[in-house]
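The values are calculated or read from the model by the stated rules, or taken from the named source; none is laboratory data. This is a predicted model, so every value here is computed, not measured. Reconstructed Cβ throughout: ideal geometry from the backbone, glycine too, with neighbour counts over all protein chains shown.
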Amino acid sequence: MKTDHLEKLVQRLSEAFHKSAKSTGTNTKNMLLPPASNREIEAFEEKNFQFPESYREFLRLHNGWKKFSNDYTLIGVSGSHTEQALRDFRKLDKAFMDQWKAAGRSVDPEYIKSYQSKTSDGETLDEAHLYLPSLAKFGTNFTKGYFAFNVSLSQDKDPEVLSVYFLKKIIRRDANFVAFLERTLETYAVRGY
């Protein structure tokens with residue numbers, strides 16, 4: 001995707017979020033953060049996980065997004081918003097692992113690899129055979145709602161984006177990050193924003 005198209009999409013979404021917040025009386029202010037450098041992105045990826053190219057392009061424009069959809073934080077590669085989100089992701093992973101172990105499942109890497117090899121289009125992480133700690137989480141509302149890249153599928157293209165609630169329910173799937181942004185904009189447009 002061309003950078004100017006992505007930036008226009010992001011700005012249209014930001015304006016839709018602003019109009020929505022204003023009309024509902026919440027006046028939540030979504031905030032796009034200044035760009036991250038390639039060096040900052042690479043340093044983050046060395047310590048955490050690798051972003052798909054479309055998200056890297058977003059980060060070169062904005063190092064995260066506070067109050068995305070008036071509720072979520074999309075991580076950047078630095079800053080308090082990213083640190084807070086990463087802490088939330090670790091809590092989500094721990095809660096998932098507690099449930100995983102309580103169900104008698106192994107944490108052996110080969111077992112997990114075999115489990116995920118059966119990935120499908122299920123409506124829950126369990127039905128879809130997705131192991132939460134292996135998803136590349138990039139957005140959170142800090143109340144167990146999150147966005148993640150399904151990196152368990154092919155690495156040849158931008159991975160699908162999953163919108164998940166309460167550690168298990170997949171409420172939405174989008175083909176990739178740009179499709180996720182476009183569908184979010186469509187949702188707001190339908191409501192008149």
Failed item, numbered, when residue 172 is tested on (1) surrounded by 16 or more Cβ atoms within 10 Å (Cβ to Cβ); (2) at pLDDT 95 or above: (1)
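Would the stretch 147-163 turn up any residue that is closer than 17 Å to residue 49 by Cα and in contact with a Gly (Cβ under 6 Å, 6 or more places away or on another chain)? First the steps, then the outcome.
Start the filter on the stretch 147-163 by keeping residues that are closer than 17 Å to residue 49 by Cα, which leaves 147-162.
When the remaining residues are screened for being in contact with a Gly (Cβ under 6 Å, 6 or more places away or on another chain), the result is 147.
Yes, the conditions are met somewhere in the stretch 147-163.
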Qualifying positions in the stretch 10-53 - small (Gly, Ala, Ser) and either free of Cβ contacts under 8 Å to residues at least 12 places away in the same chain or loosely packed, with under 14 Cβ neighbours inside 10 Å (or both): 23, 25, 37
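Give the number of residues within the stretch 91-134 that are among the small types (Gly, Ala, Ser) and within 14 Å of residue 150 (Cα to Cα). Step through it out loud before you land on a result.
At the first step, the residues of the stretch 91-134 found to be among the small types (Gly, Ala, Ser) are 95, 102-104, 106, 114, 117, 120, 122, 128, 134.
After this cut, where a residue has to be within 14 Å of residue 150 (Cα to Cα) as well, the list is 117, 120, 122, 128, 134.
The number of residues fulfilling the criteria is 5.
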Flag if residue 117 is farther than 19 Å from residue 173 by Cα, among the polar types (S, T, N, Q) and surrounded by fewer than 20 Cβ atoms within 10 Å (Cβ to Cβ): no
